[in-house]
Each structure stands twice: as structure tokens, then as C-alpha cells.
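Only one structure is covered here, and it is reproduced in the block below.
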Amino acid sequence: MAVLLSRIKGMLFLLFLPCFCSGQPASPPLRFSIFLDPSNMVYLRWDHDEQELMTFELQVHTTGWVAFGFSRHGELPGSDIVIGGVFPNGSIYFSVS
């Protein structure tokens, strides 16, 4: 499972980087979606292929940053977290931990 999560973290970087840098969001055909909050401000879309490669798209109304976590049991302890955003000067940051 740790190897899979490590691969997911690397893939997320590759998936998010083109979206941040291209100026236009990539729009892969993602079959699954859900709002993650009652105010409908956090929208998650995802899909997977035959090799179990997962693709995620997270749309968030935010003040400049967002974090997204993965865990086996849906809890913060032991989860893998992705953090990204835009600094006030317009530069972009992205981190996986």
C-alpha cells in the first residue's frame, strides 16, 4: 500500500503541474464526482484506468491555497497530504507529504 501511495503522490504532481502552469485547466473525462462540503465549495472529480492509475481534479473556492489528503481509513493520522496554492506575487507552490 505504501508503494501505491508513493506512486499516487508522484502522479498527482504530474497531473496538477500542467493545470497550474498551462493557464488552461486540463479536462480529462472523469466519471465520478462529489461535493465534499455542504456549501458546495469543494468539488472532487476522479477516475481510474485498467492499471489502477487514478486521476483527480479538485475545484475549490479558496483564498489562495488548498490541501487534500489520502488515507486508508479516512482519518488524518497516517494520511498522505497534497498542498498547493498561489503566493500573492503569482508564483505557484505544490507540496506532497
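The values are calculated or read from the model by the stated rules, or taken from the named source; none is laboratory data. For clarity, every value in this text was computed on a predicted model and none was experimentally measured. Every residue, glycine as well, gets a Cβ built from its backbone with ideal geometry; the counts of neighbours run over all protein chains shown. SASA here: full protein model, heavy atoms, side chains in, ligands and nucleic acids out. Shrake-Rupley method; radii C 1.70, N 1.55, O 1.52, S 1.80 Å.
Among the residues of the stretch 19-33, is there at least one that is modelled with pLDDT of 55 or more and among the aliphatic types (A, V, I, L, M)? Checked the stretch 19-33: at least one residue is modelled with pLDDT of 55 or more and among the aliphatic types (A, V, I, L, M).
Of the set (1) touching a strand residue (DSSP E or B) at 6+ places or on another chain (Cβ under 9 Å); (2) open to solvent by 50 Å² or more (accessible area, probe 1.4 Å), all apply to residue 89 but (1). Looking only at residues of the stretch 50-86 that are β-branched (Val, Ile, Thr) and farther than 21 Å from residue 30 by Cα, we find that the one that is surrounded by the fewest Cβ atoms within 10 Å (Cβ to Cβ) is 63. Within the stretch 29-49, track down each residue that is of a type outside the set (D, E, K, R) and open to solvent by less than 50 Å² (accessible area, probe 1.4 Å). Across the stretch 29-49, the qualifying residues are 30, 42, 44.
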